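Notes to accompany the following structure.
Throughout, read-outs are computed from the coordinates displayed, never taken from laboratory work. All figures in this text were calculated on a predicted structure; none of them were measured in a lab. Note that we place each Cβ from the backbone using ideal geometry, even for glycine, and neighbour counts take in every protein chain shown.
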């Protein structure tokens, strides 16, 4: 993965393997969204689903993470049946794009590369991505689509992005280290 | 777990179930656009009634729908409105454009007729949106959804993602329950007994095996699909997409009529002859409406002005 160009890392390679992985990621997103959450606030829960785009992003890049989160959210809404809120789906997908940008700064999980500096960049990107997605994208879309009040939406989005950042950092970083260690054990061949 | 699922995996017997995938997806997309584009109760109520008729005509199992609706009502509408009242009691003035005060509370809190109207319209709008998603979820099977999306112009690889994701959801949900049970048996506390922080840390023990079992299947499925020649050609036909029947044609025409009506409404009432406020209100004449710029209502804009 290290020798690919920036554009290739950004878009990912769309072969059958990526498609299947993104589909399974979307399904996992839907399951975690429906069954793996702890409610905190109106419209928002401490959902563990946002871990899925991190994993997809680590393996395939930001665009696959974006698709997995977007499709996963739509599917989660259809299964849960609580109505489809496009403002939050698009917000989640935008956040996924930032969270899943791991290959762009050199964290190649599938090759076992994930160090402390990558974890720091990852945490910063989590905060930045959630702020953009839920501080700008979602409130605007909520007001435009559903006529929600801007102030209330900002508060909800604030709570939502805080809980997302919490989950992505507290759960995400240990999982990324574990994954990297596991992949490293498999690819233990060195060039002499 | 399964009794909470609303979507069907097998096609049902009624007229709406038998429509082709494209008809349903097209109707749903246009319906969503119509609901999103209008803040007018004169449009939303007919759409709501239409969607309720659709739901009733499919003779669904009402219990999960009503449970989900009750949960959504409590969390989104009740809590949301209490918050709305505390955070911005001016919402009536900002969105409807009038200020008939009914009750003056302490400080900046007050209830106006327009505030109640705003709450009511937003509730109708959200309920209509909910009903349209419900009608769509009840009528459509995953394969029909994917084939309909493909016919709407989405690349077929994305449509495969949709149908494949649906296909794997029951498996992953089973894995999730099994892993959670076995982890709880080993003493990893997930229930409400543990604090939120503890539960958050324990989730790692649950997610890691779940991720490995889920993504462990990727290579097998991808190889099986490659062996069957997936992705070789630019186009793909769908087993679920049938020749349009008489009813399909009728529904497609009705959908196009709805689309034209929505576009006409938006062009007429938003651009050519715009209503001064965002929401229409029966007791305010056009001259009486106070129009407020939405950007000025955000609380942190005040900080910049000072």
- Query: Cα gyration tensor of segment B:142-239, axes a ≥ b ≥ c as square roots of the eigenvalues: rounded (a/c below 1.5), prolate (a/b > b/c) or oblate?
  - Reply: prolate
- Note on the structure: Per the helix-only model, chain A has a calculated mean residue ellipticity at 222 nm (DSSP H runs of ≥4, -39500 (n - 2.57) each, divided over all residues, rounded to the nearest 500) of -22000 deg cm²/dmol
- Taking square-rooted eigenvalues a ≥ b ≥ c of the alpha carbon gyration tensor, is chain B rounded, prolate or oblate, where a/c under 1.5 means rounded and, failing that, a/b exceeding b/c means prolate? oblate
- Task: For segment A:1-31 and segment B:141-219, compute the distance between their C-alpha centroids and round to whole Å.
- Result: 17 Å
- If the label point sits 7 Å along Cα→Cβ of residue B:53, residues of segment B:245-260 with amide N under 11 Å come out as none
- Task: Against the globular-protein guess of 2.2 N^0.38 Å, express the Cα radius of gyration of segment A:6-185 as a ratio, rounded to two decimals.
- Result: 0.98
- Angle in degrees between helix B:196-216 and the longest Cα principal axis of chain B, rounded to the nearest 10: 50 degrees
- Relative to the first principal axis of the alpha-carbon coordinates of chain B, what is the inclination of helix B:246-266, with its axis defined by its Cα atoms, in degrees from 0 to 90 and to the nearest 10? 40 degrees
- Note on the structure: Per principal axis, largest first, the Cα atoms of the protein assembly as shown extend in Å by 83, 63, 47
- Query: What 222 nm value per residue comes from the helices of chain B, counting each DSSP H run with n ≥ 4 as -39,500 (n - 2.57) and dividing by all residues, nearest 500 deg cm²/dmol?
  - Reply: -19500 deg cm²/dmol
- For the pair residue B:18 and residue B:265, the simple spin-label estimate (label points 7 Å beyond Cα toward Cβ) gives in nm 3.1 nm
- Item | Most to least packed among B:92-105, B:128-141 [average Cβ atoms within 10 Å] | B:128-141, B:92-105
- Message: Please compute the modelled spin-label separation between residue B:213 and residue B:283, points set 7 Å along Cα→Cβ, answer in nm with one decimal.
- Response: 5.9 nm
- Item | Computed over segment A:102-192, Kirkwood Rh from alpha-carbon pairs, angstrom | 15.0 Å
- Item | Shielding of A:148-160 by partner chains, average beta-carbon count, 10 Å | 6
- Message: Compute the distance from the alpha-carbon center of segment A:124-167 to that of segment B:57-131, in whole Å.
- Response: 20 Å
- Looking only at other chains, what is the average number of their beta-carbon atoms within 10 angstrom of each beta-carbon in B:201-207? 6
- Query: Using alpha carbons only, how many degrees (0 to 90, rounded to 10) separate the axis of helix A:116-132 from the longest principal axis of chain A?
  - Reply: 20 degrees
